[in-house]
Amino acid sequence: MLELENVSVIFNKGTSLEKVALENLSVKINDGDFITMLGSNGAGKSTLFNVITGALKVNHGKILMDGEDITATKEHVRARYIGRLFQNPEHGTAPHLTVEENLALSYSGKKYGKFSFAVHKQDRAFFQEKLKQLDMGLEDRLKTPIGLLSGGQRQAVALMMAVLNPPKILLLDEHTAALDPKSAQKILEITNELIRKEKMTALMITHNIQDALDNGNRLFILNEGRLIQDMDQEEKSRLKPADILNYYAV
Amino acid sequence: MSIAIIERALELGLIFSVLSLGVYISFRVLNVPDLTVDGSFTTGAAVCAVCTLNGHPFLGLLLSFVAGGICGLITAFLQTKMRIHALLAGILTMTGLYSINLRIMSGAPNIALLNTESLFTMIPFTFGILLLISIVLGIVLFVFFKTNTGLMLRASGDNETMVKSSSINVDTMKFLGMALANGFVALSGGLLAQYQNFADVTGGTGMMVLGLAGIIIGEAVIRKRTIGFGLASCILGACLYRLLYTIALQFGIPATDMNLMSAVLVALTISIPYLKQLKEKENA
Ligand SMILES: Nc1ncnc2c1ncn2[C@@H]1O[C@H](COP(=O)(O)OP(=O)(O)OP(=O)(O)O)[C@@H](O)[C@H]1O
Ligand SMILES: [Mg+2]
């Protein structure tokens, strides 16, 4: 579904600060893949996401979505089929809007049109039902400004928002890293469930090796802008956390 | 203070409440301090005065809104397409508008509207009509902010990172928000010109801060921060500010000192949360 062909990203090209963040990276992501991605700090993982979403322009190479070249497509246009979740829960939701308004933001525009009211009565029941799945009591707090919720709760809503209109591909950038262990586990469970239910393709960056091994059907390891490992389910299942550390030492 | 003085203060307050509504859109909703206001307020007054002089008072008000909208579009263009810092973009537009405003006024520094029909000569209930205008505009904005487009606009100011990674075009939202904000500002200028039978090329000076002062006073009284209460704060605050202003004048404070008072008021109010923090640290 998503293909990257010889993608390179070079920051501050031609200056003494030149930094090759992605080097001639080619990869093909298949429909229904749930890929976990490891790599040391600065390996280029977030940069790879930025290239896929269009937040960053590539210096070389092409990006294809279902065979169509989207290298020049603007970020907000790609966002119709690419969903993204950040590490910082504050990045995924608008703090002064209420829970229901945030949900409506990613749901209602497409359904009712630009100049219709954003939150409809019948949607409230639908939102409540969705929030119930999170099991955080959020279904009773539709009218709470989201900035008043905890980080984990905000991240859960952000995740819900990302999948209300299921994107073709979901990008998760350390989306549980800022949460306490329990919330992190919970969000990860919900993530798995949503991906399965909506049959989404997903990429998940994490620094937690166990999470990377336990989730998904494919594993990427990035190092210094290059994809040094691309393992399928079988190779992945044979790995132990200790094996992975070797790849970090490079 | 006589009833007549209070009534006049409230009427002016209602006119400036439209200004505060405009500033609210840029300052609170979009989260940018927009200095276009000092120029676009005069643009509204100038356009409206010229039309009124030519016998079209209602068209004048409509066109002042449109003209203000165009001013906002220019600032938004500088911000988004030319990547100029929001504050500087506003200052540039404001500076350029000074020349444009003089051209609209055919080079004269002021226009007097003597013996011309205006909104206020045609409808005798000045206070009533101004109250109606202010409340209707407030409600229209409230409804708009509850629509999908309104929600996108609010989200753009609230969390740009999020909106950028969504399918909303942030630039489009900035164009829309700035146009709307300055449309309201200019309409306020147009109303003031008809009310005072007078438009002056320097009339916009300090209007950004004046609009802000209205918002801040309103927010001090109405503590709720939802969009509905926010808009209500603008209207109430602008009227209260004008009453305070009138009282200050009664106590002999010269009108020319009022800009200083507004500036100090806004500076203090905005820094109160920080000053409180400092104090808490000291105590700890
Ligand atoms: N805007 C930028 N300008 C210059 N260099 C950048 C920029 N963004 C990223 N880089 C550099 O590119 C490299 C890759 O960064 P990236 O954010 O993709 O790393 P990452 O794999 O996500 O790391 P982490 O695990 O710490 O999040 C780093 O060396 C970083 O310093
Ligand atoms: Mg990163």
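Only the coordinates and a few stated rules stand behind these numbers; no lab work does. Keep in mind it's a predicted model, so treat the numbers as computed, not measured. Cβ placement follows ideal geometry from the backbone for every residue including glycine, while neighbour counts extend to all protein chains displayed.
The stretch between A:Leu17 and A:Asn88 holds 22.8 nm of extra length on full extension. This uses 0.36 nm per residue minus the Cα-Cα distance.
Only the Cβ atoms of Lys and Arg (+1) and of Asp and Glu (-1) were treated as charged; on that basis the dipole of the range A:1-64 about its Cα centre amounts to roughly 240 debye.
Please work out whether the range B:92-156 counts as rounded, prolate or oblate from its C-alpha gyration tensor, where a ≥ b ≥ c are the square roots of the eigenvalues and a/c under 1.5 means rounded, while otherwise a/b larger than b/c means prolate and anything else oblate? Cα axes put the range B:92-156 in the oblate bin. Ranking A:Leu142, A:Ala118, A:Gln128 by Cα position along the charge dipole of the range A:71-154, where only Lys, Arg, Asp and Glu carry charges on their C-beta atoms, puts A:Ala118 farthest toward the positive end. Simple spin-label estimate for A:Thr144 and A:Asp31 gives 4.0 nm between the two label positions (7 Å along the Cα-to-Cβ direction from each Cα). Quick one: go through the range B:178-218 and flag any residue whose amide nitrogen is under 20 Å from the point 7 Å out along the Cα-to-Cβ line of B:Ile272. Residues B:209-218 qualify, since their backbone N sits under 20 Å from the label point. Loop-located trypsin sites (Lys or Arg not before Pro) across the range B:208-284 with a Cβ neighbour count of 14 or fewer within 10 Å are B:Arg223, B:Lys224, B:Arg225, with loop assigned by DSSP. Applied to the range B:262-276, the Karplus parametrisation 6.51 cos²θ - 1.76 cosθ + 1.60 on θ = phi - 60° returns per-residue 3J(HN,Hα) values of 4, 4, 5, 4, 5, 4, 5, 4, 5, 8, 3, x, 5, 4, 4 Hz, with x for Gly and Pro. Taking trypsin sites (Lys or Arg not before Pro) across the range B:75-156, the ones in a DSSP loop with at most 11 further Cβ atoms lying within 10 angstrom of their Cβ are B:Lys81, B:Arg83. Within 10 Å of the Cβ of each residue in A:89-97, the mean number of Cβ atoms contributed by other protein chains is 6. Candidate membrane-span-like segments in chain A, meaning DSSP H helices with Cα atoms spread over at least 15 Å of their own axis and a Kyte-Doolittle mean of -1.0 or above, are A:99-112, A:151-164, A:181-198, with no membrane implied. What's the FRET efficiency of A:Asp230 with B:Lys279 using the Cβ-Cβ distance as r and R₀ = 56 Å, to the nearest 0.05? The computed FRET efficiency comes out at 0.45. Between the listed residues B:Ala155, B:His85, B:Leu236, the Cα displaced farthest toward the positive end of the dipole of the protein assembly as shown, a dipole computed from Cβ unit charges relative to the Cα centre, is found at B:Leu236.
Put in order of Cβ neighbour count within 10 Å, fewest first, the listed residues B:Met208, B:Met173, B:Met122, A:Met231 become B:Met122, A:Met231, B:Met173, B:Met208. Exposure proxy ranking for B:Ser106, B:Ser134, B:Ser167, based on other Cβ atoms within 10 angstrom of each Cβ and starting from the fewest, stands as B:Ser106, B:Ser167, B:Ser134. Classification of chain B by its C-alpha gyration tensor yields an oblate form. The axis ratio a/c (a ≥ b ≥ c) is 1.5 or more, and b/c is at least a/b. For A:His120 and B:Met122, the FRET efficiency from 1/(1 + (r/R0)^6), where r spans their Cβ atoms and R0 equals 35 Å, is about 0.25. In chain A, the calculated helix contribution to ellipticity at 222 nm averages -11000 deg cm²/dmol per residue, counting -39,500 (n - 2.57) for every DSSP H run with n ≥ 4.
For chain A, a crude dipole built from +1 on the beta carbon of Lys and Arg and -1 on the beta carbon of Asp and Glu, taken about the Cα centre, is about 720 debye to the nearest 20. The mean count of C-beta atoms from other chains within 10 Å of the C-beta of residues in B:166-173, rounded to a whole number, is 5.
Annotation: amide H-H contacts under 5 Å for A:Ala202 (H modelled 1.01 Å from N, sequence separation of 5 or more, or interchain): A:Asp33, A:Phe34, A:Ile35, A:Leu170.
Applying a DSSP loop filter and a limit of 14 other Cβ atoms within 10 Å to the chymotrypsin sites (Phe, Trp or Tyr not before Pro) in the range A:32-117 leaves A:Phe115. When the listed pairs A:Lys132/A:Lys186; A:Lys28/A:Lys197; A:Lys114/B:Lys174; A:Lys143/B:Lys164 are checked against a 19 Å cut-off, the alpha-carbon distance exceeds it for A:Lys28/A:Lys197; A:Lys143/B:Lys164.
In this Cβ point-charge picture (+1 for Lys and Arg, -1 for Asp and Glu), chain B has a dipole of about 660 debye about its Cα centre.
Anisotropy class assigned to the range B:211-274 is oblate, per the alpha carbon gyration tensor with a/c at or over the 1.5 cut-off and a/b no larger than b/c.
Other protein chain C-beta atoms within 10 Å of residue C-beta, averaged over A:45-56: 1. Given R0 = 22 Å, the distance between the Cβ atoms of B:Lys224 and B:Val140 translates into a calculated FRET efficiency of 0.60.
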